[in-house]
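S.K.: Here you go, one structure.
The values are calculated or read from the model by the stated rules, or taken from the named source; none is laboratory data. Everything numeric here is computed off the predicted structure, so don't read it as measured data. Methodologically, a virtual Cβ is constructed for each residue, glycine included, from the backbone with ideal geometry; neighbour enumeration extends over all protein chains shown. Surface accessibility is based on the protein's heavy atoms, side chains included, excluding ligands, DNA and RNA. Shrake-Rupley method; radii C 1.70, N 1.55, O 1.52, S 1.80 Å.
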Amino acid sequence: MAARRISSLLSRSLPLLRGGKQTYGGRGVYRYSSAAALEDPIKSPVSVQYDKLLINGQFVDAASGKTFPTLDPRTGEVIARVAEGDAEDVNRAVSAARKAFDEGPWPKMTAYERQRILLRFADLVEKHNDEIAALETWDNGKPYEQSAQIEVPMFVRLFRYYAGWTDKIHGLTVPADGPHHVQTLHEPIGVVGQIIPWNFPLLMFAWKVGPALACGNTIVLKTAEQTPLSALLVSKLFHEAGLPDGVLNIVSGFGPTAGAALCSHMDVDKLAFTGSTDTGKIVLELSAKSNLKPVTLELGGKSPFIVCEDADVDKAVELAHFALFFNQGQCCCAGSRTYVHEKVYDEFLEKAKARALNRAVGDPFKAGIEQGPQIDAEQFEKILKYIKIGQEAGATLETGGDRFGTKGYYIQPTVFSNVKDDMPIAKDEIFGPVQTVLKFKDLDEVIQRANNSRYGLAAGVFTHNLDTANTLMRALRVGTVWINCFDLFDATIPFGGYKMSGIGREKGEYSLKNYLQVKAVVTPLKNPAWL
């Protein structure tokens, strides 16, 4: 279970039409065109236990006493009111993290002791898998099957992976041109500020917290205001596993207040941010204007998915559908520019339209649902705005294009054809269930067009030709190229972007470098036996 990848959803995803028959169904599972409205939402199987800030090992109210609502995307109704942190709370959290780093046991523990705490934490999360998954679905709107069978097990795998790294972080002995002993030390960087997004709250928690703790740092983490709940729950489990007070602090709140205070704080030694490119620029600016703390950024994307002329069209349609519509299209690396060779374009388009029409949209707690609601009203309206812009620009709306039902933030799976590269729907990150299908003639053309983007996060290539795959994998200016697959996110695979898709890499061994300082130590040698 723990080793499953996001891409394994393909093997469980609702299949293509076979012989004109739907091979799935069930009460409340709708193809979007077959129902005018959703049933009443299923009652969440869990309740909210933690809605305060976590500072120095204690759940506390915000200093101002303010709270803000977190909403159920299925209805727009309030799930809970959560403590709203601001600059004063960030100061308290940073002070706790600084004391835990400078005076506390965490960086002074043996690597083996830190490893045991991380492993105990992973075991506790695994034990509470269903509860954590239900809270994530309730707060975020993603299908429960995705949360429970893919994302929480992947979360566990990531922490076990980083637990394994704790006692394998070490420096080197370096030869010098003379009688000197030279060694390098890899030291924890100190107090780390981390800001995570709303589309994958748990996984982004793991991507950031795992390597930072493995390296011996302390953390102040700001959650997204749309999805604050799951981080508070798993952080409680972290303390049950033996994490010392002050090592991990959680501040819920808004970007202009809590986020800006964290980025500007003079006692924060490192920042890591995942979110939009525009916000990433602000994070960099605030770092530069304060203490020039180093920054890791994982930002937006407009990833090309290239279907070559030798493709098995049925398989290409399914993979391209998954690459775009997974997680309600709210994925930074979504294959949101589907380039299809002219020889298979017409066949691909018809089948892509049929697949979108056949997508199961509904309450994410229902079995068999592929697509739940968008995260909130703002994102919902943004997507609908882009759909209108696409139509006005001259693209052909093949299917979808409107809300689904009358309650909540559901949107019909949407497919556009006759899309041109200069249209906003082909250039901008829509972050929703909107597939744009573009036609190309040859490799040189599609390479130029795919690279003609301010983003460079990821790309997908679908071909049986090894030479074609090798040409594209080297030519595409992106951080990840998936060939005949998409969205493989193993713990070992680094992830990050070129151009305006970010700075640095997360996951794998590369992520450890984000949270370490390298110190050179030089000592004279008297009459050395060898050099």
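S.K.: Can you check what the Kirkwood hydrodynamic radius comes to for segment 217-268, Cα pairs only, in Å to one decimal? Show your work: numbers first, answer last.
M.R.: Details: mean 1/r = 0.0844 Å⁻¹.
Its Kirkwood hydrodynamic radius stands at 11.8 Å.
S.K.: State, in angstrom, two size descriptors of segment 112-184 derived from its alpha carbons: Rg to one decimal place and Dmax to the nearest whole number.
M.R.: 19.8, 64
S.K.: Write out the chymotrypsin sites (Phe, Trp or Tyr not before Pro) in segment 93-182 meeting two conditions: DSSP loop, and at most 13 other Cβ atoms within 10 Å of their Cβ. Write down the numbers at each step before the final one.
M.R.: Values: sites: Phe101, Tyr112, Phe121, Trp138, Tyr144, Phe155, Phe159, Tyr161, Tyr162, Trp165; in loops: none.
Answer by residue number: there is no such site.
S.K.: Compare the peptides 368-379, 298-309 by average per-residue count of other Cβ atoms within 10 angstrom and give them in order, highest first.
M.R.: Values: 368-379: 21.7, 298-309: 26.4.
Going by the mean number of other Cβ atoms within 10 Å, highest first, we get 298-309, 368-379.
S.K.: Let me ask something else about it. Setting aside same-chain residues fewer than 8 positions from Lys526, which aspartates and glutamates have a Cα under 15 Å from its Cα?
M.R.: Of all the aspartates and glutamates, those that pass the test against Lys526 - Cα under 15 Å, at least 8 places apart if same chain - are Asp177.
S.K.: Using modelled backbone amide H atoms (1.01 Å from N, in-plane), which distant-in-sequence or interchain residues come within less than 5 Å of Val247's amide H?
M.R.: Hits under the 5 Å cutoff: none.
S.K.: Please report, to two decimal places, log10 I(q)/I(0) for segment 263-374 at q = 0.14, 0.18, 0.20 Å⁻¹ as given by the Debye formula with identical point scatterers on the Cα atoms and no solvent.
M.R.: One equal scatterer on each Cα of segment 263-374 leads to -0.72, -0.88, -0.98.
S.K.: Taking loop as defined by DSSP and a crowding limit of 13 other beta carbons within 10 Å, which chymotrypsin sites (Phe, Trp or Tyr not before Pro) in segment 192-285 fit? Please report the intermediate quantities before stating the final value.
M.R.: Numbers: sites: Trp198, Phe205, Trp207, Phe238, Phe254, Phe273; in loops: Trp198, Phe254.
Of the chymotrypsin sites (Phe, Trp or Tyr not before Pro), not one in the loops of segment 192-285 has a Cβ with at most 13 other Cβ atoms within 10 Å.
S.K.: Can you tell me the mean projection area, over all orientations, of the convex hull of segment 67-115's alpha carbons? Units nm², please. It would help to have the intermediate numbers written out before the result.
M.R.: Numbers: hull surface 22.7 nm².
So the Cα hull casts an average projection of 5.7 nm².
S.K.: Which value, to two decimals, describes the C-alpha radius of gyration of segment 415-464 once divided by 2.2 N^0.38 Å? Before the final figure, lay out the partial values.
M.R.: Details: Rg = 11.4 Å, N = 50, 2.2 N^0.38 = 9.7 Å.
Scaled against compact globular proteins, the figure is 1.17.
S.K.: Still on this model: Over all distinct alpha-carbon pairs, what is the Kirkwood Rh of the chain in angstrom?
M.R.: On the way: mean 1/r = 0.0416 Å⁻¹.
Hydrodynamic radius (Kirkwood, Cα only) of the chain equals 24.0 Å.
S.K.: For segment 401-506, how big is the tail of P(r) above 15 Å, as a whole percent of Cα pairs?
M.R.: Values: 3966 of 5565 pairs.
Percent of Cα pairs beyond 15 Å in segment 401-506: 71.
S.K.: Working with all protein chains in place, sort Tyr409, Tyr515 by solvent-accessible area computed with a 1.4 Å probe, largest first. Write out the running numbers ahead of the final one.
M.R.: Numbers: Tyr409 35, Tyr515 5 Å².
Reading off the accessible areas and sorting them downward yields Tyr409, Tyr515.
S.K.: I'd like the distance separating the alpha-carbon centroids of segment 154-205 and segment 457-531, in whole Å.
M.R.: The distance from the Cα centre of segment 154-205 to that of segment 457-531 comes to 15 Å.
S.K.: While we're here: Using the C-alpha atoms of segment 87-134, what convex hull volume per residue, in cubic angstrom, is computed? Numbers along the way, then the final one.
M.R.: Details: hull volume 4.3 nm³, N = 48.
Convex hull volume per residue, Cα atoms: 89 Å³.
S.K.: OK, next. Would you mind checking Lys168/Lys270; Lys142/Lys315; Lys351/Lys385; Lys127/Lys293 for any pair whose Cα atoms are more than 29 angstrom apart? Present the calculation step by step, with values, prior to reporting the outcome.
M.R.: Working: Lys168/Lys270 22 Å; Lys142/Lys315 24 Å; Lys351/Lys385 26 Å; Lys127/Lys293 37 Å.
Pairs exceeding the cut-off: Lys127/Lys293.
S.K.: For segment 58-148, just the Cα atoms, rotate onto the principal axes and tell me the three extents in Å, largest first.
M.R.: Per principal axis, max minus min of the Cα coordinates gives 48, 35, 15 Å.
S.K.: In whole percent, how big is the carbon plus sulfur part of the accessible area of the chain, probe 1.4 Å, protein atoms only? Mind dumping the intermediate values first?
M.R.: Values: 10760 of 20940 Å².
The computed percentage sits at 51.
S.K.: Ranked from the most accessible area to the least, with a 1.4 Å probe and all protein chains present, what is the order of Met266, Met154? Spell out each step's value before the answer.
M.R.: Numbers: Met266 125, Met154 10 Å².
From most accessible down to least: Met266, Met154.
S.K.: Round to the nearest 10 and report in Å² the accessible area of Lys99, as given by a 1.4 Å probe over the protein chains' heavy atoms.
M.R.: Roll a 1.4 Å probe over it and Lys99 shows about 130 Å².
S.K.: Starting from the amide H of Glu398, placed 1.01 Å from N in the peptide plane, find each other amide H under 5 Å away whose residue is 5 or more places distant or on another chain.
M.R.: So Glu398 has HN proximity to Val415, Phe416, Ser417.
S.K.: Using a probe radius of 1.4 Å on heavy atoms only, what accessible surface per residue do you get for the chain? Whole Å² is fine.
M.R.: On the way: 20940 Å² over 531 residues.
Here the per-residue accessible area is 39 Å².
S.K.: Turning to a different aspect of this structure: Over the Cα atoms, compute the radius of gyration (one decimal) and Dmax (the largest Cα-Cα distance, rounded to a whole number) for segment 454-524, in Å.
M.R.: Values for segment 454-524 (Cα only, Rg and Dmax): 16.3, 59 Å.
S.K.: Considering only Leu324, Gly300, Leu286, whose Cα is most displaced toward the positive end of the charge dipole of segment 270-326, charges sitting on Cβ of Lys, Arg (+1) and Asp, Glu (-1)?
M.R.: Of the options given, the answer is Leu286.
S.K.: For segment 157-258, with only Lys/Arg (+1) and Asp/Glu (-1) charged at the beta-carbon, what is the dipole magnitude about the Cα centre, in debye rounded to 20?
M.R.: Values: 6 positive and 6 negative charges, 65 e Å.
Magnitude of the dipole: close to 320 debye.
S.K.: Over the heavy atoms of Arg120, what accessible area does a 1.4 Å probe trace out, to the nearest 10 Å²?
M.R.: Approximately 100 Å² for this residue.
S.K.: Further, regarding this structure: Compute the normalised compactness of segment 376-418: alpha-carbon radius of gyration over 2.2 N^0.38 Å, N being the residue count. Don't skip to the answer; put the middle values down first.
M.R.: Numbers: Rg = 10.5 Å, N = 43, 2.2 N^0.38 = 9.2 Å.
In units of the globular-protein estimate, segment 376-418 measures up at 1.14.
S.K.: Let me have the 222 nm mean residue ellipticity of the chain computed from DSSP H runs of 4+ only, each contributing -39500 (n - 2.57), with the sum over all residues rounded to the nearest 500.
M.R.: Numbers: 15 runs with 173 residues, N = 531.
Rounded to the nearest 500, it is -10000 deg cm²/dmol.
S.K.: Ignoring ligands and nucleic acids, what accessible area does Lys343 show with a 1.4 Å probe (Å², nearest 10)?
M.R.: 150 Å²
S.K.: Also, quick follow-up: Compare Ile42, Ile169 by solvent-accessible area with a 1.4 Å probe and give them largest first, with all protein chains kept in place.
M.R.: The ordering from most to least exposed comes out as Ile42, Ile169.
S.K.: Moving on to the next point. What whole number of Å gives the distance from the Cα centroid of segment 393-411 to the Cα centroid of segment 244-271?
M.R.: Using only Cα atoms to place each centre, the spacing works out to 38 Å.
S.K.: Report the percentage of all Cα-Cα pairs in segment 64-221 whose separation exceeds 22 Å, rounded to a whole percent. Kindly include the intermediate steps, with their values, before the conclusion.
M.R.: Values: 6892 of 12403 pairs.
For segment 64-221, the fraction of Cα-Cα distances above 22 Å is 56 percent.
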